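> Below is a structure I'd like to ask you about.
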Amino acid sequence: VLNEVKNQEHFTAPPFNGHGLPLWQINARLKFQKETGTRIRLIVKEKGTDIIYRQFLDILEDGKKIDTHGEKPRRIYPLESFIKSSDRDFKL
């Protein structure tokens with residue numbers, strides 16, 4: 001498993017609250033997964049909270065998602081798609 005770890009605020013609705021990555025980064029990580037067989041997991045420590053979200057990138061890609069089109073476009077996955085825990089009891 002390769003962990004892609006981020007410390008960021010969550011994207012706010014509409015259409016849903018979530019976390020995500022730039023598209024180029026998603027494509028690079030999934031290419032690496034395909035070439036090596038090493039699974040990629042996104043872990044997000046949410047800024048200003050003690051919440052940690054985690055999920056495998058291929059599972060996130062198979063679910064609900066949106067792409068933003070601003071100055072720094074990102075693919076966002078809903079918070080419900082992640083496993084949520086506190087940084088006090090976080091376990092991989």
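> Looking at the range 1-49 only, could you name the residues that are β-branched (Val, Ile, Thr) and surrounded by 13 or more Cβ atoms within 10 Å (Cβ to Cβ)?
Scanning the range 1-49 gives Ile26, Ile40, Ile43, Val44.
> A further question on this structure: List the residue pairs whose Cβ atoms are under 8 Å apart, where the first residue sits in the range 22-45 and is of a type in the set (A, V, I, L, M, F, W, C), the second is open to solvent by 70 Å² or more (accessible area, probe 1.4 Å) and part of a strand (DSSP E or B), and the two are 6 or more positions apart or on different chains.
Taking only residues 6 or more apart or on different chains, the pairs are Ile43/Val5; Val44/Val5; Val44/Asn7.
> Quickly run through the range 25-78 and pick out the residues that are under 16 Å from the mean Cα position of the chain (by Cα) and assigned to a loop (DSSP other than H, G, I, E, B).
Result: Arg39, Lys47, Gly63, Lys64, Lys65, Thr68, Lys72, Pro73, Arg74.
> It is to be established whether one or more residues within the range 63-70 are of a type in the set (A, V, I, L, M, F, W, C), at pLDDT 95 or above and in contact with a helix residue (DSSP H, G or I) (Cβ under 9 Å, 6 or more places away or on another chain).
Taking every residue of the range 63-70 in turn, none turns out to be of a type in the set (A, V, I, L, M, F, W, C), at pLDDT 95 or above and in contact with a helix residue (DSSP H, G or I) (Cβ under 9 Å, 6 or more places away or on another chain).
> Could you tell me which residue of the range 71-92 is modelled with the lowest pLDDT, considering only residues that are closer than 18 Å to Trp24 by Cα and not aliphatic (A, V, I, L, M)?
Across the range 71-92, the extreme among qualifying residues is Lys72.
The values are calculated or read from the model by the stated rules, or taken from the named source; none is laboratory data. Everything numeric in this text was worked out from a predicted model, so none of it was measured. In this analysis, Cβ positions are derived from the backbone assuming ideal geometry, glycine residues included, and neighbour counts consider all displayed protein chains. Ligands, DNA and RNA are stripped out before the accessible areas are found, and what is left, the full protein with its side chains, is counted by its heavy atoms. Shrake-Rupley method; radii C 1.70, N 1.55, O 1.52, S 1.80 Å.
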